[in-house]
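Undergrad: Before I ask anything, let me first share the structure, which is written out below as structure tokens.
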Amino acid sequence: MTKQTTVRLPDELADAAEAVARVKGTSINALIVESLAAEVERVRRDKDFTARAKRLLERDKELLDRLAR
């Protein structure tokens, strides 16, 4: 299953992405998917990021628990 979304890119970045995709012989969509997947994997390995995410999730859970009372 896939989800469709719209991304607004500055002209210069869109032009560069198009050029990179053409040279790689792929679509801009595939380039964006590959790039985003690489970034998600990078932050998953980032211990500071995951620690911050865990703190935020714990705080959100506390707030939701208070609201549910």
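The values are calculated or read from the model by the stated rules, or taken from the named source; none is laboratory data. The model shown is predicted, which means the values in this text are computed figures rather than measured ones. Positions of Cβ are backbone-derived with ideal geometry, glycine not excepted, and every protein chain shown enters the neighbour counts. Heavy atoms of the whole protein, side chains included, go into the accessibility calculation; ligands, DNA and RNA do not. Shrake-Rupley method; radii C 1.70, N 1.55, O 1.52, S 1.80 Å.
Undergrad: What does the helix-only formula give at 222 nm for the chain: each DSSP H stretch with n ≥ 4 adding -39500 (n - 2.57), the total divided by the residues, and the result rounded to the nearest 500 deg cm²/dmol?
TA: -26500 deg cm²/dmol
Undergrad: With label points built 7 Å along Cα→Cβ from the Cα atoms of Ser27 and Ala68, find their separation and express it in nm.
TA: Result: 4.1 nm between the two label points.
Undergrad: Just going by the charge dipole of region 1-56, with Lys and Arg at +1 and Asp and Glu at -1 on Cβ, which of Phe49, Ala16, Thr2 is farthest out on the positive end?
TA: Selected residue: Phe49.
Undergrad: Using a 1.4 Å probe on the protein heavy atoms, what percent of the accessible area of the chain belongs to carbon and sulfur?
TA: C and S atoms contribute 56 percent here.
Undergrad: Select one label from [x] 46, 27, 19; [y] 41, 24, 20; [z] 55, 27, 26: the one whose number is Cα extents along the principal axes in Å as derived from the coordinates shown.
TA: This structure yields the entry labelled [z].
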